[in-house]
2 protein chains.
Amino acid sequence: MRCSPSKNTEERIREAARQVFLEKGFDGTTSRDIAEAAGINIALTNYYFRSKEKLFISIFDELIQLFFEGMFCILNKPIGLREKITELVEHDFQLMKSNPSLCIFVMNEIHRNPERMANAVEARKQFQQSVFDEQLRREAALGHIRSIEAMHLMVMIVSNIQFLFISKAMHIRIWHMSEEAFDAFANRHKGIVIDMITNYLFAFESV
Amino acid sequence: MRCSPSKNTEERIREAARQVFLEKGFDGTTSRDIAEAAGINIALTNYYFRSKEKLFISIFDELIQLFFEGMFCILNKPIGLREKITELVEHDFQLMKSNPSLCIFVMNEIHRNPERMANAVEARKQFQQSVFDEQLRREAALGHIRSIEAMHLMVMIVSNIQFLFISKAMHIRIWHMSEEAFDAFANRHKGIVIDMITNYLFAFESV
DNA sequence: TCCTGTTTTAAACAAACGTTTAAATTTTAA
DNA sequence: TTAAAATTTAAACGTTTGTTTAAAACAGGA
């Protein structure tokens, strides 16, 4: 009993909730949706988690961590700027490709309910403590790159990748695209974005 | 009686619905929310519009048009590319600044319910018939700019602007920003984005 | 004035919502 | 084997949901 044998049921609820919340959002999800997706009785969601809200927070915190952890990890790598930027783009792209609803879900839930971003302080600290900021200043002082604040560069990187997937449904609808056609487009766009950003950073003296 | 004297009430409902839907999304909005915001009886929303869904579609179509019309207008202007790109960025920025919830609302509703993008064909036609595509090819053939598909360039422009406002709530939360601080950041970022994109397009031979 | 059609209201509707109950079932440890 | 604990179930709880009803209030023309 100690090391709960209910892990199975609890984890099944978590997985079902993760899927349904990501797909429909908090407001669009009902307790019965989750129970049905998990193949369990409705009452069990409130037996393991105490309410729909508490279950959501648990899932949301997990997804927020997934959303950030990889990026922070790369920011602290002891590698060159050019390589680091490429890695940041590639990682973000892969994360979005593997979890197409993640970004719009996170943005939407925070937009509608900002206090859900409870770990904001944690994210800020991790970003401030990273090597990235100092690395940018050093390279700029040496004249290797254009001088730019870390925040602007980060927003640049994630904007160009994440918006692709935020607007995916719209693109597919407007351009009569198949999933494969969109993937191909997104891949090409990723390459262009890497070019554009590195070009902006490194090829600034040619003017 | 002919030319309905109820225009007042109907428009009051529309305005209230627009505000509440933008703020809370379709799922998060109740009929009573709208009635209360409009200061009218609940039954009136179904008297003028036949259901919550029909009222939403009416508002949504109006917002989709607001979302696109300005952009299409600029795309067809008889002006140079550099100026056109700057105008596209500035217009998008102003639109997002005036309607901070518009973008995430549109993206979210289409993501959750793609068939709501009923006017997709219309948007595609307007884009395809615009001068922009041809303009890009001409300038590229003349060697004035780097060769790039119109779609990639458009996505570039809107990504960098719209994502700013999609992630606004998150930024404000993470960085303890005031509205004013965010506005200042966004303004600086807009300038950087214009530099980056024009630099990518026009300064490509310096390599 | 009274009549006709429009607009607004309070009240109610059935259905769906998140949640709880209390009993049934299964698991655990002695 | 047995009794206590943990898990699962069907059923119901009181609210809130979108929507409808039927009557009231209001308008303009005869």
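The values are calculated or read from the model by the stated rules, or taken from the named source; none is laboratory data. What you see is a predicted model, and the numbers here were worked out from it, not measured in a lab. With ideal geometry, Cβ positions are generated from the backbone for all residues, glycine too; neighbour counts draw on all protein chains shown. The accessibility values were calculated without ligands, DNA or RNA, using every heavy atom of the protein model including side chains. Shrake-Rupley method; radii C 1.70, N 1.55, O 1.52, S 1.80 Å.
Checking the structure you have, find out if any residue of the range A:159-174 is open to solvent by 10 Å² or more (accessible area, probe 1.4 Å), facing another protein chain (nearest Cβ under 9 Å) and of a type in the set (K, R).
So far as the range A:159-174 goes, yes, one or more of its residues are open to solvent by 10 Å² or more (accessible area, probe 1.4 Å), facing another protein chain (nearest Cβ under 9 Å) and of a type in the set (K, R).
Taking the range B:149-158 as the region of interest, how many residues are within 8 Å of chain A (Cβ to nearest Cβ) and either more than 16 Å from the chain's Cα centre (by Cα) or of a type in the set (F, W, Y) (or both)?
Kept after step one, since they are within 8 Å of chain A (Cβ to nearest Cβ), are these residues of the range B:149-158: B:151-152, B:155-156, B:158.
Still in the running and either more than 16 Å from the chain's Cα centre (by Cα) or of a type in the set (F, W, Y) (or both): B:151-152.
Number satisfying all stated conditions: 2.
For the range B:88-99, does any single residue satisfy the condition of being open to solvent by 10 Å² or more (accessible area, probe 1.4 Å), over 15 Å from the mean Cα position of the chain (by Cα), assigned by TED's automatic domain parsing to the domain that holds B:F182 and touching a residue at least 60 places away in the same chain (Cβ under 8 Å)? Give the derivation first.
Going residue by residue through the range B:88-99, those that are open to solvent by 10 Å² or more (accessible area, probe 1.4 Å) are B:90-91, B:94-95, B:97-99.
Filter once more, so that each one left must be over 15 Å from the mean Cα position of the chain (by Cα): none.
Within the range B:88-99 (the criterion being open to solvent by 10 Å² or more (accessible area, probe 1.4 Å), over 15 Å from the mean Cα position of the chain (by Cα), assigned by TED's automatic domain parsing to the domain that holds B:F182 and touching a residue at least 60 places away in the same chain (Cβ under 8 Å)), the answer is no, since none of the residues qualifies.
B:K190 - would you say it is under 30 Å from A:D61 (Cα atoms) and under 19 Å from the mean Cα position of the chain (by Cα)? First the steps, then the outcome.
Working: under 30 Å from A:D61 (Cα atoms): no; under 19 Å from the mean Cα position of the chain (by Cα): yes.
No: the conditions fail for B:K190.
Given the structure, is A:I157 β-branched (V, I, T) and more than 13 Å from A:I85 (Cβ to Cβ)?
Numbers: β-branched (V, I, T): yes; more than 13 Å from A:I85 (Cβ to Cβ): no.
For A:I157, the condition - β-branched (V, I, T) and more than 13 Å from A:I85 (Cβ to Cβ) - is not met.
Taking only the range A:168-206 into account, find how many residues are free of Cβ contacts under 8 Å to residues at least 60 places away in the same chain and over 23 Å from A:I85 (Cα atoms).
The qualifying residues number 14.
Would you point out which residue out of B:E109, B:E180, B:E139 is open to solvent by less than 30 Å² (accessible area, probe 1.4 Å), outside the structural domain of B:V20 (by TED's automatic domain parsing) and among the charged types (D, E, K, R)? Steps first, please.
Details: B:E180 fails: open to solvent by less than 30 Å² (accessible area, probe 1.4 Å); B:E139 fails: open to solvent by less than 30 Å² (accessible area, probe 1.4 Å).
Only one candidate passes the filter, namely B:E109.
Does the range B:15-24 contain at least one residue that is within 21 Å of A:G28 (Cα to Cα), more than 9 Å from DNA strand C (Cβ to nearest atom), among the acidic types (D, E) and touching a residue at least 40 places away in the same chain (Cβ under 8 Å)?
Yes - at least one qualifying residue is present in the range B:15-24.
Which residues, counting only those in the range A:142-153, are touching a helix residue (DSSP H, G or I) at 6+ places or on another chain (Cβ under 8 Å) and open to solvent by less than 80 Å² (accessible area, probe 1.4 Å)?
A:I145, A:R146, A:I148, A:A150, A:M151, A:H152, A:L153, listed by residue number.
Can you tell me which residues in the range A:92-148 are facing another protein chain (nearest Cβ under 9 Å) and β-branched (V, I, T)?
Within the range A:92-148, A:I104, A:V106, A:I110, A:V121, A:I148 meet the criteria.
Are there helices (runs of 4 or more DSSP H) fully within the range A:25-85 with at least 1 residues that are without any contact (Cβ under 8 Å) to a residue 60 or more places away in the chain, within 25 Å of the chain's Cα centre (by Cα) and surrounded by 13 or more Cβ atoms within 10 Å (Cβ to Cβ)? List them. Write out each step before concluding.
On the way: elements: A:31-38, A:42-48, A:52-75.
Output list reads A:31-38, A:52-75.
Looking at B:L55, B:L75, B:L66, B:L81, which is the one that is away from DNA strand C (no atom under 14 Å from the Cβ) and touching an Asp or Glu at 6+ places or on another chain (Cβ under 7 Å)?
On the way: B:L55 fails: touching an Asp or Glu at 6+ places or on another chain (Cβ under 7 Å); B:L75 fails: touching an Asp or Glu at 6+ places or on another chain (Cβ under 7 Å); B:L66 fails: touching an Asp or Glu at 6+ places or on another chain (Cβ under 7 Å).
Residue meeting the stated conditions: B:L81.
Right, B:E10: of a type outside the set (S, T, N, Q), over 29 Å from A:K24 (Cβ atoms), assigned to a helix (DSSP H, G or I) and at pLDDT 95 or above or not?
Details: of a type outside the set (S, T, N, Q): yes; over 29 Å from A:K24 (Cβ atoms): yes; assigned to a helix (DSSP H, G or I): yes; at pLDDT 95 or above: yes.
Considered against the rule, which asks whether it is of a type outside the set (S, T, N, Q), over 29 Å from A:K24 (Cβ atoms), assigned to a helix (DSSP H, G or I) and at pLDDT 95 or above, B:E10 comes out as yes.
With respect to A:D133, determine if the residue is part of a helix (DSSP H, G or I), in contact (Cβ under 8 Å) with a residue 12 or more places away in the chain and in the same structural domain as A:L63 (by TED's automatic domain parsing). Full working, then the answer.
Values: part of a helix (DSSP H, G or I): yes; in contact (Cβ under 8 Å) with a residue 12 or more places away in the chain: yes; in the same structural domain as A:L63 (by TED's automatic domain parsing): yes.
Taking the combined requirement at face value, the residue satisfies it.
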